Each structure stands twice: as structure tokens, then as C-alpha cells.
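The values are calculated or read from the model by the stated rules, or taken from the named source; none is laboratory data. Fair warning: this is a prediction, and the values are worked out from it, not measured in the lab. Heads up, the Cβs are rebuilt from the backbone with ideal geometry, glycines too, and the neighbour counts pull from every protein chain shown.
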Amino acid sequence: MQRTIIIVLLCLTPLTAFSQVYLTKDEALAQHFPGASSIDRKTVFLTDRLVDSIQTRAKSKVESKVVTYYIGRKGKELLGYAFLETSVVKTMPETFMVVIDPKGNVTAVEMLAFYEPEDYLPPKRWLAQFEGKTIQSDLWLKRGIQNIVGATLSAQSVTEGVRKILALYETAIPKEP
């Protein structure tokens, strides 16, 4: 009887109970901009022309014309840019951060929150394959980016998000000298 009750309770537990937040935005920014004297939040408003350009370059849909990003500095030195991306993998969301250096190279992709089952979570070493990539890189699954067996939707979602962020960075973000 007691075992039956436990099984019923486990079956009624929502999947979000198994989801995980790995890092907050502030923790991730501090981790990827160590020693930063400032991390400034910026907002850019995309025109229809910019949205079309980004979607064409990324071959991915831009969901919002309002984009928030972060610029890390150590004194007058520009450390880089950080963008947060949230997307639905299968039925639940994931949020990850893409860090780009001043030359336009990805320096990190960090998973912040993942609400799908842990089996579908892209491992850190898989995320590391984006390091050094630019918008000119081959950012397609099974070509320039390895797939994840059993987590294809997660891999596809992150890869598409990185392409979109790099196209956004290249097209719409004001660069500092």
C-alpha cells in the first residue's frame, strides 16, 4: 500500500520538479568576466530590416525586436559581450548564455537553466565545441557541430541559438574601438 502511494505521487510530480537552474545570470556573468570592473546592461531595438538580415544570416527566426545584452569591462579594456537565449527544446524551456570576445569569437556557451529531463542536457564538453567559432563558421549539426545522440532537439536548439546570437552581434550590436 505504501509503495503504491509513493509510485502514484512520483507519477503526479510535474517534470519541472526535476528541472534545474545551474547558474543565475549574475553568477554566470561574474564567472565569464572575472575581475571585471563593470558589467553594463545594454538594450538594442531591432528594425524590420535588421530582423530580416539576422534571420537570413542565422537561418533562424528572431522572436523579439528588443534585445538585451551585457558588456564586460576591466577598466577601459573591453572584455566581451554576453547574450542570454531562452528557447523551448521539446516542451520545456532552456536558458543559456553565449559569451563573445571583442573580435567576434565565441568564448563560452554556458547552460544556465534546463527544464527538460536531465538526459537531454547538453554536456559541458559538447558546449565547448562552440569556443572560437564565429558567424563564418559551419554552425550546423552533423557538419561543423557534432550531434548529441538522444538529445538532438537540445543540440539543435543550442546550435540555432548560437547562430542567431552571432548574427545579431555581427549585424546589430555597436562595436567599440
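Details
- Some residue of segment 78-88 being assigned to a loop (DSSP other than H, G, I, E, B) and of a type outside the set (Asp, Glu): no
- Of residues in segment 138-177 being under 17 Å from the mean Cα position of the chain (by Cα) and among the hydroxyl-bearing types (Ser, Thr, Tyr), the one nearest to Ala82 (Cα to Cα): Tyr169
- Each residue in segment 18-62 was checked for being at pLDDT below 95, loosely packed, with under 12 Cβ neighbours inside 10 Å and charged (D, E, K, R), and 1 pass.
- Selection count where residues are of a type in the set (A, V, I, L, M, F, W, C) and either assigned to a strand (DSSP E or B) or without any contact (Cβ under 8 Å) to a residue 24 or more places away in the chain (or both), scope segment 121-135: 1
- Matching residues, segment 66-84, being exposed (fewer than 13 other Cβ atoms within 10 Å of the Cβ) and either of a type outside the set (Val, Ile, Thr) or out of contact with any strand residue (DSSP E or B) (no Cβ under 9 Å at 6 or more places or on another chain) (or both): Gly75, Lys76, Glu77
- Residue ID - nearest to Asp40 (Cα to Cα), chosen from residues in segment 89-109 that are in contact with a helix residue (DSSP H, G or I) (Cβ under 9 Å, 6 or more places away or on another chain) and not in a strand (DSSP E or B): Gly104
- Segment 136-162, residues that are hydrophobic (A, V, I, L, M, F, W, C) and either surrounded by fewer than 19 Cβ atoms within 10 Å (Cβ to Cβ) or without any contact (Cβ under 8 Å) to a residue 60 or more places away in the chain (or both): Leu139, Trp140, Leu141, Ile145, Ile148, Val149, Ala151, Leu153, Ala155
- Considering only residues in segment 103-120 that are free of Cβ contacts under 8 Å to residues at least 40 places away in the same chain and either under 20 Å from Asn147 (Cβ atoms) or touching a strand residue (DSSP E or B) at 6+ places or on another chain (Cβ under 6 Å) (or both), the one that is surrounded by the most Cβ atoms within 10 Å (Cβ to Cβ) turns out to be Tyr120.
- Every residue from segment 89-102 that is in contact (Cβ under 8 Å) with a residue 24 or more places away in the chain and either of a type in the set (A, V, I, L, M, F, W, C) or under 22 Å from Thr171 (Cα atoms) (or both): Val89, Met92, Phe96, Met97, Val98, Val99, Ile100, Pro102
- Taking residues in segment 62-78 that are of a type in the set (S, T, N, Q), and partners anywhere that are part of a strand (DSSP E or B), the pairs with Cβ atoms closer than 8 Å and at least 6 places apart or on different chains are Thr68/Arg41; Thr68/Lys42; Thr68/Thr43; Thr68/Leu84.
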